[in-house]
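The values are calculated or read from the model by the stated rules, or taken from the named source; none is laboratory data. Remember, it's a predicted structure, so these values are computed and weren't measured experimentally. Cβ placement follows ideal geometry from the backbone for every residue including glycine, while neighbour counts extend to all protein chains displayed.
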Amino acid sequence: MPAELVDKYAWAADVALEAWTVAVVQGRSVEDVLLVYGADPAAPVGGLTFAGVDELRGPQVDQLDLYVQVKSGAGHVVAIENNGWSGSLPEIARRCSASGHRFFSVYWNANGFGMVTQAIDGEVTAGFEMNEPTLPGPADEWERRPSWAVGPETDVELVRQTCLAMLEQQTGVEIDPGWLSEPLPTYRVPEPYWLYRDLPGADRV
């Protein structure tokens, strides 16, 4: 991974991003993406900043309210989740990329260094966590690591930046930290495992 591309995302280590998912869906409309995520395209909760989602959510006791924010670009849709993980579910990746489209997401939380998921034309082509070395390992039903993700072990301090650099390298879409302070259309979504609970293998790559 080019060092200059990794360095571009140094902000990911500085900004208070304890848990989020960012996904780039190429070739799909905003409405298509929202439906796959389980949102109602006709029922946004408003235009919120990334931090505003936390304020909307309020204190959590027995359940976690989940939301997705969307930003459209030239031929792609960016889906951002504050403390959400829908974009890391393989079934959502498969559905967003079906019929010749592409999907790429990065997810991390306080307990994980970074989960990378890629799907092309309805098939998951990458699904791995960056807290492990990027050297080839034994086959694992929970992991799929393509050739572009194989190399020397990633410095723990650079894992977040490297994940976002991979996203840009594979999609051509630069993730702008300014989006986090921009009011974006925001939608309520169900817990992803519940959404696809009746589909065997929804969480398998």
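Structural remarks
- Residues in the stretch 74-107 that are surrounded by fewer than 20 Cβ atoms within 10 Å (Cβ to Cβ) and aliphatic (A, V, I, L, M) were compared, and the one that is farthest from Leu195 (Cα to Cα) is Ala74.
- Of the residues in the stretch 98-121, none is over 14 Å from Gln26 (Cβ atoms) and among the basic types (Lys, Arg).
- Looking at Arg144, Arg102, Arg188, Arg160, just one residue is in contact (Cβ under 8 Å) with a residue 60 or more places away in the chain, basic (Lys, Arg) and farther than 28 Å from Val53 by Cα, and that residue is Arg144.
- Filter result (over 14 Å from the mean Cα position of the chain (by Cα) and crowded, with 19+ Cβ neighbours inside 10 Å) within the stretch 167-183: Leu180
Okay, residues lined up against (1) under 13 Å from Pro185 (Cβ atoms); (2) of a type outside the set (Gly, Ala, Ser):
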residue: Asp7; (1), (2): no, yes
residue: Ala19; (1), (2): no, no
residue: Val25; (1), (2): no, yes
residue: Val30; (1), (2): yes, yes
residue: Ala51; (1), (2): no, no
residue: Asp65; (1), (2): no, yes
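- No other residue among Gly47, Gly52, Gly38 is of a type in the set (Gly, Ala, Ser) and within 16 Å of the chain's Cα centre (by Cα) apart from Gly38.
- Any pair with Cβ under 7 angstrom, 6 or more apart, that starts in the stretch 11-36 at a residue that is in contact (Cβ under 8 Å) with a residue 40 or more places away in the chain and surrounded by 16 or more Cβ atoms within 10 Å (Cβ to Cβ) and ends at one that is part of a loop (DSSP other than H, G, I, E, B) and of a type in the set (Phe, Trp, Tyr): Thr21/Trp85
- Residue in the stretch 147-156 that is in contact (Cβ under 8 Å) with a residue 40 or more places away in the chain, on the phi < 0 side of the Ramachandran plot, small (Gly, Ala, Ser) and buried (at least 17 other Cβ atoms within 10 Å of the Cβ) present: no
- Any chance Gly58 is modelled with pLDDT of 95 or more and surrounded by fewer than 23 Cβ atoms within 10 Å (Cβ to Cβ): no
- Among the residues of the stretch 184-205, those that are more than 17 Å from Asn83 (Cα to Cα) and surrounded by fewer than 14 Cβ atoms within 10 Å (Cβ to Cβ) comprise Arg197, Asp198, Leu199, Pro200, Gly201, Arg204.
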